[in-house]
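Let me begin by presenting the structure, written as C-alpha cells, before commenting on it.
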Amino acid sequence: MTTTTITVADMVRRYADDIGFVAEESPAVDLDSLVDQLGVAADQYETAGITGHEDIAAAAVLLAEAGRAEDPAARDLLLKRADVLCWEIEDMTSEYRTMVGG
C-alpha cells in the first residue's frame, strides 16, 4: 500500500491564500505564520458563524506540534491529521468571502 506524504510546504501551498484572506494578512510563507493565521482564521470563522472553525483551530495545534516533532513518522502523522481537518477551508473561505463582500 502506498501512502502519500504531506509536507509543510504542501500545507502552506494548499491553504495559505485562503487563510491569509480570512486572517487579513499576506499569505503565510512558512509553518509558523500558517499556524498563527489558522488561529486568527478560526476565530474569524467562528465570529461569522461558519461551521468547521473548531477543526481549523485543532489543525493549528497539530501543525504547531508537527513543527516541533523530531521523529519524522510523528511529524508525518501530525501533518496528515491537520490536512484532514483543513479539507473544508476552501468552502469555508468562499462562504466567508460572500459574507464580507470579498
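Nothing in this text is a laboratory measurement; each read-out follows from the coordinates by a stated rule. Fair warning: this is a prediction, and the values are worked out from it, not measured in the lab. Here the Cβ is made from the backbone with ideal geometry for all residues, glycine too, and neighbour counts use every protein chain on show.
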What distance in nm separates the two pseudo spin-label positions at Ala73 and Thr51, each 7 Å out from Cα along the beta-carbon direction?
3.7
Using only alpha carbon pairs under 8 Å that are at least six residues apart, calculate the relative contact order of the chain and give it in whole percent.
28
Extension gain from Asp91 to Val8, taking 0.36 nm per residue of separation minus the Cα-Cα distance:
27.7 nm
Given the DSSP H assignment, sum -39500 (n - 2.57) over each helix run of at least 4 residues in the chain and divide by its residue total; what's the result at 222 nm in deg cm²/dmol, nearest 500?
-24000 deg cm²/dmol
Which residue, Val84, Ala60, Ala74, has the largest displacement toward the positive end of the dipole of the chain when charges sit on each Cβ (Lys, Arg +1; Asp, Glu -1)?
Ala74
If exposed means no more than 12 neighbouring beta carbons inside 10 Å and the site is in a DSSP loop, what's the longest run of the chain without any exposed GluC sites (Glu not before Pro)?
25-69
If you place +1 on the Cβ of every Lys and Arg and -1 on the Cβ of every Asp and Glu, how big does the dipole about the Cα centre of the chain come out, in debye to the nearest 20?
240
Taking Cα atoms only, helix 31-47 is inclined relative to the longest principal axis of the chain by an angle, in degrees rounded to 10, of 40
What do you get for the angle between helix 72-85 and the principal long axis of the chain? Use alpha-carbon atoms, 0 to 90 degrees, nearest ten.
20
